[in-house]
C-alpha cells in the first residue's frame with residue numbers, strides 16, 4: 001500500500017483510544033489502522049491496555065448527517081475560496097464563517113486540525129465526519145495529487161447537486177408506486193390472512209374443503225402468519241451482516257459491484273455513471289499536466305465502483321507497458337463502447353482531456369435519461385404485477401364460493 005502524506009496507508013482510518021498504562025493511569029490518543037482489531041493491536045504494542053476504541057468520524061454521528069444539498073454548497077464555497085488564491089488553512093478558517101450550519105463547529109475544527117497534520121482534504125473530511133460519497137473522496141484525492149483541487153471541488157459540488165436533483169426526482173416518481181405497493185400489500189394480506197381462512201372455516205363446517213388452489217394459498221398465508229417474526233429477524237440479521245462485511249471487505253465490495261454491473265436495467269446505468277465520474281476526474285488531471293499513469297492511479301476510485309476501480313488499475317498496468325488508453329480500457333471493459341470512440345478520437349487529435357470531458361457529459365446525460373425511463377416503468381409494472389396476483393387470489397376465492405354445494 002502506498003503511504004499517504006499524513007503517515008497513513010491507503011484504506012486506514014483514525015481511531016481514538018482510551019487506555020490504561022502499567023501504573024493504572026489513563027492515557028488518550030489516536031492511532032491509524034485499517035480495522036478496529038488492528039487499532040486495538042497497535043494500542044497494545046504501545047504497552048497500553050485499551051478500554052475504549054472509536055473511529056474518529058463516529059464522534060460526529062450524534063450531530064446528525066449533513067444533507068446532500070449542504071455538502072454540495074460547502075464544496076462550492078471551498079472551491080470559490082481556493083480559486084481566490086487562499087492557502088488551505090486560510091480557506092478552512094474563512095469557510096468556518098460561511099459554511100452551512102449542518103457542518104457544525106466541531107466538524108470544522110476537526111477538519112482544520114486534520115489538514116494541519118498533513119492529511120489530504122478527502123481523508124480530513126472523512127475523519128471529521130463529513131459524509132462524502134466514496135467517489136467524491138476519490139476525486140478530491142486525485143485532484144490534490146494532480147494540483148487540480150479548485151476545479152475538482154467545483155466539479156464535485158456539481159456532481160452532488162445533480163445527484164441531489166436526481167434523488168429528489170426519483171423520490172417524487174416513486175411516491176405513487178410506493179403508495180400503490182403499500183395498498184396492494186395490505187389488500188393481499190387481508191385476502192390471504194382474513195378472508196380466505198374464514199372461507200375455509202365455513203366450508204369445514206358444512207363438511208367440504210377448499211379447492212386445491214385455495215388450499216395452496218391458505219398454506220402460504222399460514223406459514224407467513226406463523227413465521228413472520230422469524231423471517232423479519234433473519235432478514236434483519238442478514239442485512240446487518242451484509243452491511244458490516246460490505247463496509248470492511250474491499251474484495252467483497254468488488255464482487256457485489258461486479259454483480260450489480262451485470263444486472264439488467266441497473267447494470268448499464270451504473271456502468272455509465274461510473275464511467276462518467278472516472279473520465280471527468282481523469283480529464284481534470286490530464287488538463288493539469290499530470291502523467292497518464294499517475295492520473296489513472298489516483299482516478300481509479302473516483303468512479304465510485306470497486307469493480308471499475310480494479311479494471312482501471314489493470315488498464316494502468318497496460319498503459320505503463322506502452323498500450324494506448326483506449327486499447328487498455330477496451331481490453332478491461334472499463335467504459336462503454338461509445339466512450340471508447342471519443343477516447344480514440346482524442347488520442348488521434350491530441351485533445352484527449354477535452355474528449356474525456358465530452359464523454360463524461362454525454363454519459364451523465366444518458367444516465368439521467370435512462371433513470372427517468374426506468375422510473376416511468378415502475379408504476380405500470382406494479383399495477384400489472386399486483387393486478388395479476390390479486391386476480392389469482394380472487395379466482396381462488398371464487399372457486400371456493402362455487403365449491404359450496406348443498407349437503
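The values are calculated or read from the model by the stated rules, or taken from the named source; none is laboratory data. Quick caveat, the model's predicted, so the values are computed rather than measured. Note that we place each Cβ from the backbone using ideal geometry, even for glycine, and neighbour counts take in every protein chain shown.
Any residue in the stretch 345-356 that is at pLDDT 90 or above, under 25 Å from the mean Cα position of the chain (by Cα) and crowded, with 22+ Cβ neighbours inside 10 Å?
Among the residues of the stretch 345-356, at least one is at pLDDT 90 or above, under 25 Å from the mean Cα position of the chain (by Cα) and crowded, with 22+ Cβ neighbours inside 10 Å, which makes the answer yes.
Based on this model, can you work out whether residue 134 counts as within 32 Å of the chain's Cα centre (by Cα), surrounded by 14 or more Cβ atoms within 10 Å (Cβ to Cβ) and touching a residue at least 60 places away in the same chain (Cβ under 8 Å)?
When the stated conditions are applied, residue 134 passes them.
Does residue 268 satisfy being under 30 Å from residue 334 (Cβ atoms) and either outside any helix (DSSP H, G or I) or in contact with a strand residue (DSSP E or B) (Cβ under 6 Å, 6 or more places away or on another chain) (or both)?
Judged against the criteria, residue 268 is not a match.
Quick one: which of 90, 112, 165 is under 24 Å from the mean Cα position of the chain (by Cα) and assigned to a helix (DSSP H, G or I)?
Only one candidate passes the filter, namely 165.
Report yes if residue 153 is modelled with pLDDT of 80 or more and in a helix (DSSP H, G or I), otherwise no.
Here the answer is yes, as residue 153 does meet what is asked.
Can you report the number of residues in the stretch 298-308 which are in contact (Cβ under 8 Å) with a residue 60 or more places away in the chain and assigned to a helix (DSSP H, G or I)?
Qualifying residue count for the region: 6.
Select, from 221, 151, the only residue that is within 20 Å of residue 386 (Cβ to Cβ) and in contact (Cβ under 8 Å) with a residue 12 or more places away in the chain.
Of the residues listed, the single one that is within 20 Å of residue 386 (Cβ to Cβ) and in contact (Cβ under 8 Å) with a residue 12 or more places away in the chain is 221.
Which ones in the stretch 271-292 are closer than 15 Å to residue 152 by Cβ and assigned to a helix (DSSP H, G or I)?
Passing the criteria: 276, 277, 278, 279, 280, 281, 282, 283, 284, 285, 286, 287.
Under the condition of being within 22 Å of residue 275 (Cα to Cα) and not in a helix (DSSP H, G or I), which residue from the stretch 215-265 is modelled with the lowest pLDDT?
Ranking the qualifying residues of the stretch 215-265, first place goes to 265.
It is to be established whether one or more residues within the stretch 100-107 are within 19 Å of residue 154 (Cβ to Cβ) and crowded, with 21+ Cβ neighbours inside 10 Å.
Checked the stretch 100-107: at least one residue is within 19 Å of residue 154 (Cβ to Cβ) and crowded, with 21+ Cβ neighbours inside 10 Å.
Is it true that some residue in the stretch 380-388 is exposed (fewer than 14 other Cβ atoms within 10 Å of the Cβ) and within 18 Å of residue 269 (Cα to Cα)?
Among the residues of the stretch 380-388, not one is exposed (fewer than 14 other Cβ atoms within 10 Å of the Cβ) and within 18 Å of residue 269 (Cα to Cα), which makes the answer no.
Can you tell me how many residues within the stretch 126-143 are farther than 22 Å from residue 308 by Cβ and part of a helix (DSSP H, G or I)?
Residues flagged as farther than 22 Å from residue 308 by Cβ and part of a helix (DSSP H, G or I) within the stretch 126-143 amount to 1.
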